[in-house]
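FYI, it's all coordinate maths here, none of it is from the lab. These numbers were taken from a predicted model, which means no experiment stands behind them. Positions of Cβ are generated from backbone atoms using ideal geometry, with glycine treated the same way; all protein chains shown enter the neighbour counts.
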Amino acid sequence: MKNDDKNKSKLRSAQWFGTADKNGFMYRSWMKNQGIPDHHFQNKPVIGICNTWSELTPCNAHFREIADRVKNGIREAGGIPVEFPVFSNGESNLRPTAMLTRNLASMDTEEAIRGNPIDGVVLLVGCDKTTPALLMGAASCDLPTLVVSGGPMLNGKHHGKDVGSGTMVWKMHEEYKAGNITLQEFMDAEASMSRSAGTCNTMGTASTMACMAESLGVSLPGNAAIPAVDSRRYVFAHMSGMRIVDMVHEELNLSKVLTRNAFLNAIKTNAAIGGSTNAVIHLKAIAGRIGVNLELDDWLVGKEVPTIVNLQPSGQYLMEEFYYSGGLPVVLRRLGEQGLLDKDALTVNGKPIWDNVADATCHNDDVIRTFDNPLLAHGGICVLRGNLAPRGAVLKPSAASPHLMQHRGRAVVFENFDDYKARIADPELDVDENSVMVLKNCGPKGYPGMAEVGNMGLPPKVLKKGVKDMVRISDARMSGTAFGTVVLHVAPEAMELGPLAAVEEGDYIQLDADAGVLQLEVSDDVLEARLNKLKATQVIAKSGGYMEIYRERVLQADEGCDFDFLVGCRGADVPPHSH
Ligand code: FES
């Protein structure tokens with residue numbers, strides 16, 4: 001059968017281009033100013049390439065080349081590529097945080113897909129928030145959808161050693177604050193870290209989300225690890241372009257792939273890779289858009305899963321080694337062999353996930369460990385609850401210090417991030433290595449966008465004793481490249497007058513990560529009295545603009561920080577003509 005005859009009457013784009021009337025004339029005529037011949041409007045799938053290219057998103061700055069390769073594949077398969085831009089959330093430049101605009105980019109994506117003559121869509125994603133943002137928007141439309149990640153940067157190289165994106169900054173800055181290196185030595189490392197196009201080369205949030213896309217089945221196998229500048233990334237993009245055309249013919253919509261079991265596969269994969277805590281928020285938000293029920297407690301399915309990927313920040317290596325060792329297919333195979341994968345979960349190549357990975361070969365068992373020799377026995381994200389976090393909090397065991405996983409300490413409280421910055425270096429600060437550092441008002445509403453400040457640096461007076469880690473608790477997020485015994489995403493947040501708001505200097509806090517407990521040693525009555533007092537005096541300043549929508553409509557961390565009015569799949573019914 002010729003492509004032209006396939007699903008002749010089913011193409012969504014035919015409702016724009018398929019009629020011999022005034023409306024068809026108008027839709028085709030303007031497109032023809034790009035030199036598109038008439039026969040291209042006749043029953044060929046129109047494939048949108050949703051591009052987050054931007055020179056202000058350096059991790060995605062090579063996406064024009066990637067888009068060209070996707071287009072080659074689409075044309076070879078008989079489709080018509082149409083590339084379009086959406087808001088690009090660059091993690092490194094955007095202030096106050098790229099998370100603030102994740103929902104904005106998802107709205108942009110959703111409306112661009114639904115409102116345009118598109119039969120299927122390829123999402124070009126890379127830098128942290130671009131992956132969830134585009135998947136959220138696409139999920140609300142539910143067309144055939146395929147993810148192509150931009151791939152990680154080559155290994156950073158500094159003084160003959162491999163250095164990882166982000167992780168190097170955190171480590172060297174602590175060394176500088178402890179007086180172990182000079183400012184000049186710190187600054188000299190700057191150019192060594194980011195040597196090529198691509199996303200952060202650690203198992204930070206970008207790499208995690210690329211792995212999430214692959215384990216969810218929304219990308220072709222091998223997506224997560226191929227370096228950005230490796231020629232095989234371009235081949236991958238080409239093959240993805242070819243595949244999306246067939247997905248349209250097969251009516252393989254996103255909801256057939258993004259099932260609840262696919263999300264459970266992704267949660268277990270996150271444990272195995274030592275992935276970012278940000279995935280907790282993003283997977284919830286994506287699930288909400290496609291109509292899958294996913295709760296914070298669903299992360300418990302990953303609790304006993306060992307971390308087997310030996311990558312920074314939890315381990316030693318970087319994404320290049322992960323790729324050369326076999327990449328995510330090896331991890332998925334090992335999960336499947338342990339009975340930890342729903343092998344039947346459908347993927348975008350039309351096959352169950354197990355068919356894609358059953359023969360994956362590992363080329364370095366130190367980079368991708370076996371389950372007999374894991375990096376960490378129980379690697380899954382810990383879900384914590386207690387009177388300090390009634391709706392939950394999370395902690396990443398693979399980034400934490402084993403000796404702090406059970407800890408009781410005296411609270412040193414910072415009311416907000418400015419307060420933290422003003423007092424952390426004060427030699428008079430009443431803090432030692434047994435203290436529990438508490439940071440308030442950095443949640444979704446308190447610091448709109450929920451900044452990645454949860455891994456607040458340790459006080460210099462403690463660092464100078466050689467201490468590398470302390471328990472930290474906040475309603476903030478943490479960069480996927482960071483490390484430490486850091487309790488994050490406390491919900492409800494302080495700005496919502498969750499119990500975190502009521503913690504006072506000198507209170508004692510108990511953390512038992514294994515038991516999933518986070519308890520403030522203050523009676524219910526005292527806690528309530530403190531919160532009532534805060535409620536009576538709380539003033540929330542109006543900011544205007546997008547920030548105001550954000551503050552008013554963003555959901556809490558346990559709900560994925562989506563806007564309340566965006567949750568759900570609204571489908572891709574064609575909007576009416578306006579001419
Ligand atoms: Fe873009 Fe890390 S800053 S991927």
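Taking other Cβ within 10 Å of each residue's Cβ, how do LEU335, LEU404 sort, fewest first?
LEU404, LEU335
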- Which of LYS129/LYS256; LYS177/LYS303; LYS71/LYS171 have a Cα-Cα distance over 32 Å? LYS177/LYS303; LYS71/LYS171
- For each cysteine in the chain, check whether another cysteine's C-beta sits under 4.7 Å from its C-beta; list those where none does. CYS50, CYS141, CYS200, CYS211, CYS362, CYS382, CYS442, CYS561, CYS569
- Task: Taking just the C-alpha trace of the chain, give me its Rg and Dmax in Å.
- Result: 24.1, 79
- Measure nothing but the geometry: give the 0 to 90° angle between the long axis through the Cα atoms of 205-216 and the longest principal axis through the Cα atoms of the chain, rounded to 10°. 50 degrees
- Message: Is the C-alpha gyration tensor of the range 161-303 telling us rounded, prolate or oblate? Criteria: a/c under 1.5 is rounded; beyond that, a/b larger than b/c is prolate, otherwise oblate.
- Response: oblate
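Taking neighbour Cβ counts within 10 Å as the exposure measure, how do LEU332, LEU283, LEU346 sort from fewest upward?
LEU346, LEU283, LEU332
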- Message: Sort TRP299, TRP354, TRP30, TRP53 by Cβ crowding within 10 Å, fewest neighbours at the top.
- Response: TRP30, TRP354, TRP53, TRP299
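Loop only per DSSP, at most 16 neighbouring Cβ atoms within 10 Å: give me the trypsin sites (Lys or Arg not before Pro) in the range 1-90, ordered by residue number. Could the numbers behind the result be given before it?
Numbers: sites: LYS2, LYS6, LYS8, LYS10, ARG12, LYS22, ARG28, LYS32, ARG64, ARG69, LYS71, ARG75; in loops: LYS2, LYS6, LYS8, LYS10, ARG12.
Listed in order of number, the matching sites are LYS2, LYS8, LYS10.
In a shell of Cβ-Cβ distance under 12 Å around SER29, excluding SER29 itself, what net charge do Lys and Arg (+1) and Asp and Glu (-1) give?
My count for the surroundings of SER29 gives +2.
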- Query: If you count, for each residue, the other Cβ atoms within 10 Å and average over each peptide, how do 472-483, 178-189, 502-513 line up from highest to lowest?
  - Reply: 472-483, 502-513, 178-189
- Note on the structure: The local net charge around PRO85, scoring Lys/Arg +1 and Asp/Glu -1 for residues other than PRO85 whose Cβ lies under 14 Å from its Cβ, equals -3
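Highest mean first, what order results for 86-95, 426-435 on Cβ atoms within 10 Å?
Peptide ranking by packing, descending: 86-95, 426-435.
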- Task: If a/c stays under 1.5 just call it rounded; otherwise compare a/b with b/c (prolate if a/b is bigger, oblate if not). Do that for the range 216-281, with a ≥ b ≥ c from the square roots of the Cα gyration tensor eigenvalues.
- Result: oblate
- Angle between the Cα long axis of helix 524-537 and the longest principal axis of the chain, 0 to 90 degrees, nearest 10? 70 degrees
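What does the charge dipole of the range 205-285 about its Cα centre add up to, to the nearest 20 debye, if the Cβ of each Lys and Arg holds +1 and the Cβ of each Asp and Glu holds -1? Please report the intermediate quantities before stating the final value.
Values: 7 positive and 5 negative charges, 47 e Å.
That gives the range 205-285 a dipole magnitude of about 220 debye.
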- Item | Within-11-Å neighbourhood charge of ASP469 [Cβ basis; K, R +1; D, E -1] | 0
- Specify the angular offset, from 0 to 90 degrees and rounded to the nearest 10, of the alpha carbon long axis of helix 102-115 from the longest principal axis of the alpha carbons in the chain. 10 degrees
- Message: With the cut-off at 1.5 for a/c, could you classify the range 381-500 from its C-alpha gyration tensor as rounded, prolate or oblate?
- Response: oblate
